[in-house]
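**Student:** Once you've had a glance at the structure underneath, I'll fire off some questions.
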Amino acid sequence: SDDIEILVAIGNHISIAIETSRAAKNEVVRKTLEKDLEVTGAVQSLLIPKYDLYKSSDIALAGHYQSAAQSGGDWWWYEEATDDGSVRLFLGDVTGHGPGSAMVTATVASSYRALKKKGFDKDIKALLESLNSNLFELCNTTYTMTMTVLDIRPKKNELICYRAGAPTVTMVMADGSTKNLIGPSTPLGYEKFSVHVNTVPFMPGDRAFLFTDGAYEFETKEKREFGVRRLQRL
């Protein structure tokens, strides 16, 4: 019985040592993962505009980016398209969150820059079809990406909206009336891909609001989804 008591005491010490070692190892893994996520988030921040605000003699633009995790699948970008003051705005959202989605976002953003340098950005619909082919070949629908492109042409007083599986674009006109730009389409990353195009008047004082699903899918205090309609009323 004395030997058993000694063995039990030794066993307790060993079990505590094993658990302590395991906890220390898990902490190292957790810190390493945290560092990787921080790096991924930092790299992703390089893909979005340096400035959230843009203003020209004809157009004012404001954007806000807030990931649901340390790194996510959202991407937005804007740039002057031509010498006539036109502005092009991109908003994309990859399925899921985390490093995988962030890597796909980086791939699409890099692909866009490469295609733009080659002059493939003249036809936005063809550009989106090329991005879709690249994403489908890489991910085979494991990851997909919704995309909205706004081509704002102030000299022609028009806005062209290209939607690929993305939420509706809500327009608030200068007179206070509203309009939703909707239509059937599919996200980037599918073998069968379609883009919906709306061309609408865009006069001084008109505004266009576009957003990813994170803006309305969050849960309210009543444990309900905030919803698109409530967001549009807001």
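The values are calculated or read from the model by the stated rules, or taken from the named source; none is laboratory data. This is a predicted model, so every value here is computed, not measured. Heads up, the Cβs are rebuilt from the backbone with ideal geometry, glycines too, and the neighbour counts pull from every protein chain shown. The protein model used for the area step is the full one, side chains on, heavy atoms only, and it has no ligands, DNA or RNA in it. Shrake-Rupley method; radii C 1.70, N 1.55, O 1.52, S 1.80 Å.
**Student:** Using unit Cβ charges (K, R positive; D, E negative) and no other charged atoms, how large, in debye to the nearest 20, is the dipole of the chain about its Cα centre?
**Tutor:** 920 debye
**Student:** A further question follows. Would you kindly state the longest site-free stretch of the chain, with sites defined as trypsin sites (Lys or Arg not before Pro) in a DSSP loop (not H, G, I, E, B) surrounded by at most 11 other Cβ atoms within 10 Å?
**Tutor:** That gives 123-191 as the longest site-free run.
**Student:** What net charge do the residues around residue 212 carry, taking every other residue with its C-beta under 12 Å from that of residue 212, with Lys and Arg at +1 and Asp and Glu at -1?
**Tutor:** -4
**Student:** Moving to a separate point now. When ligands, DNA and RNA are left out and all protein chains stay put, how many square angstrom of accessible area per residue does the chain have with a 1.4 Å probe?
**Tutor:** 62 Å²
**Student:** Looking at the chain, identify the longest residue range that excludes and avoids all GluC sites (Glu not before Pro) in DSSP loops having at most 14 other Cβ atoms within 10 Å.
**Tutor:** 1-190
**Student:** Here is a follow-up. In percent, how large is the relative contact order of the chain, given Cα pairs closer than 8 Å and 6 or more residues apart?
**Tutor:** 14 percent
**Student:** What is the ratio of the Cα radius of gyration of region 151-234 to 2.2 N^0.38 Å, where N is its residue count, to two decimals?
**Tutor:** 1.24
**Student:** Mean residue ellipticity at 222 nm from the helices of the chain, using -39,500 (n - 2.57) per DSSP H segment of n ≥ 4 over the full residue count, to the nearest 500 deg cm²/dmol?
**Tutor:** The helix-only estimate for the chain comes to -12500 deg cm²/dmol at 222 nm.
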